[in-house]
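Take a look at the structure set out below.
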Amino acid sequence: ADIDITGQDAHHIRAVLRLRAGDALVLIDMDGNRAKGRIAALGREGVRVILEGVLPSRPAPRAVLTLCQACLRAQKMELVIQKATELGVSRIIPFTSQRTVVNIAGGLAPEKLRRWNEIARLAAAQCDRDRPPEVEGPASLAEILHRFGPEKLPKVILFERMAAGVGFKDFMHQAAAAAAMVGVVGPEGGFTLEEISQARDAGFEPIGLGGRILRAETAAIVLAAIVQYEWGDMGCPGVDE
């Protein structure tokens, strides 16, 4: 059977991957089903692909990482979503807090949400991931704490001013056998002491990532990479992280 690919996917095939007629590629639908195909023709309207067979499904990820990221300025937020997708984050929840400088209220929120989910979808295709993470509608920090507070799973909130207490390495050692985890990363200006106190009351462990103060977008990427490494989901071919 033949299928026609149009829109952003066709542009990605032509302009980014620079594939040509006769080249092989893997097709993935929104349910994570995979098939192999070969390009029959490329044109301005789209790309025609000949399906050559169904590929076996991949094993489920070892654990589910939910990244709660305070809304950042446009390019920074898009970078976090792109890299979190590549690093196997299962769900991304943007939120607002006291020091959030980005206003996504009103009619802007749906537009931003569509853009963020499209970035996640394209990043998933780029890194050969079966399913992109779901980027949920923006919440508030209070809603995040209320939602996950009752959950009996490892919960961490990054706070650059943590000089003592549980270290991230010790925290991950304790959480190694968990089936899911929630990580909260703040905005450019970080969290207030009041917010950290509220998070601790909700069962979140405030933890720093060492002696250096990282940018918000860097902290999110580092968090995702460390968690996936500790869970053993990095460097394992065939696993949809």
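The values are calculated or read from the model by the stated rules, or taken from the named source; none is laboratory data. Owing to the predicted nature of the structure, the values given are computational and were not obtained by experimental measurement. No Cβ is skipped: glycine too gets one built from the backbone with ideal geometry, and neighbour counts run over all protein chains shown. Heavy atoms of the whole protein, side chains included, go into the accessibility calculation; ligands, DNA and RNA do not. Shrake-Rupley method; radii C 1.70, N 1.55, O 1.52, S 1.80 Å.
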For the range 30-41 the number of residues that are at pLDDT below 90 and among the hydrophobic types (A, V, I, L, M, F, W, C) is 2
Result of the Cβ filter at 6 Å on the range 214-231, keeping first residues that are in contact (Cβ under 8 Å) with a residue 24 or more places away in the chain and partners that are part of a helix (DSSP H, G or I), at least 6 apart or interchain, is 217/76; 217/79; 217/80; 220/80; 221/83; 224/84; 230/172
Scanning the range 1-12 for residues that are under 19 Å from residue 53 (Cβ atoms) and open to solvent by less than 70 Å² (accessible area, probe 1.4 Å), the one nearest to the chain's Cα centre (by Cα) turns out to be 5
Filter the range 13-44 for residues that are among the β-branched types (Val, Ile, Thr) and either touching a His at 6+ places or on another chain (Cβ under 9 Å) or closer than 13 Å to residue 130 by Cα (or both); the one that is surrounded by the fewest Cβ atoms within 10 Å (Cβ to Cβ) is 26
**OP:** Say whether the condition of being open to solvent by less than 20 Å² (accessible area, probe 1.4 Å) and in contact with a Gly (Cβ under 8 Å, 6 or more places away or on another chain) is met by at least one residue in the range 178-193.
**Re:** no
Query raised in the report: With respect to residue 88, is the statement that it is more than 25 Å from residue 5 (Cα to Cα) and under 13 Å from the mean Cα position of the chain (by Cα) true?
Result: yes
- prompt: In this structure, is residue 168 modelled with pLDDT under 90 and surrounded by 13 or more Cβ atoms within 10 Å (Cβ to Cβ)?
  reply: yes
Taking the range 82-111 and the residues there that are touching a Leu at 6+ places or on another chain (Cβ under 9 Å) and either in a helix (DSSP H, G or I) or among the basic types (Lys, Arg) (or both), the one that is nearest to residue 140 (Cα to Cα) would be 91
Of the candidates 199, 224, the one satisfying the condition of being of a type outside the set (Phe, Trp, Tyr), surrounded by 20 or more Cβ atoms within 10 Å (Cβ to Cβ) and more than 20 Å from the chain's Cα centre (by Cα) is 199
Scanning the range 129-164 residue by residue, those out of contact with any helix residue (DSSP H, G or I) (no Cβ under 7 Å at 6 or more places or on another chain), more than 18 Å from residue 64 (Cα to Cα) and assigned to a loop (DSSP other than H, G, I, E, B) turn out to be 160, 161, 162, 163, 164
Only one of 114, 91, 131, 161 is touching a residue at least 60 places away in the same chain (Cβ under 8 Å), among the charged types (D, E, K, R) and open to solvent by 60 Å² or more (accessible area, probe 1.4 Å), namely 131
- out of contact with any helix residue (DSSP H, G or I) (no Cβ under 8 Å at 6 or more places or on another chain), closer than 23 Å to residue 15 by Cα and without any contact (Cβ under 8 Å) to a residue 24 or more places away in the chain: does that describe residue 43? yes
Scanning the range 105-136 for residues that are at pLDDT 85 or above and of a type in the set (Gly, Ala, Ser) gives 120, 123, 124
Note to self: Looking for something in contact (Cβ under 8 Å) with a residue 24 or more places away in the chain and buried (at least 23 other Cβ atoms within 10 Å of the Cβ) - is there at least one such residue anywhere in the range 52-63?
What the structure shows: yes
Per the list (1) modelled with pLDDT of 95 or more; (2) out of contact with any strand residue (DSSP E or B) (no Cβ under 6 Å at 6 or more places or on another chain); (3) open to solvent by less than 60 Å² (accessible area, probe 1.4 Å), residue check on residue 141 breaks on (2)
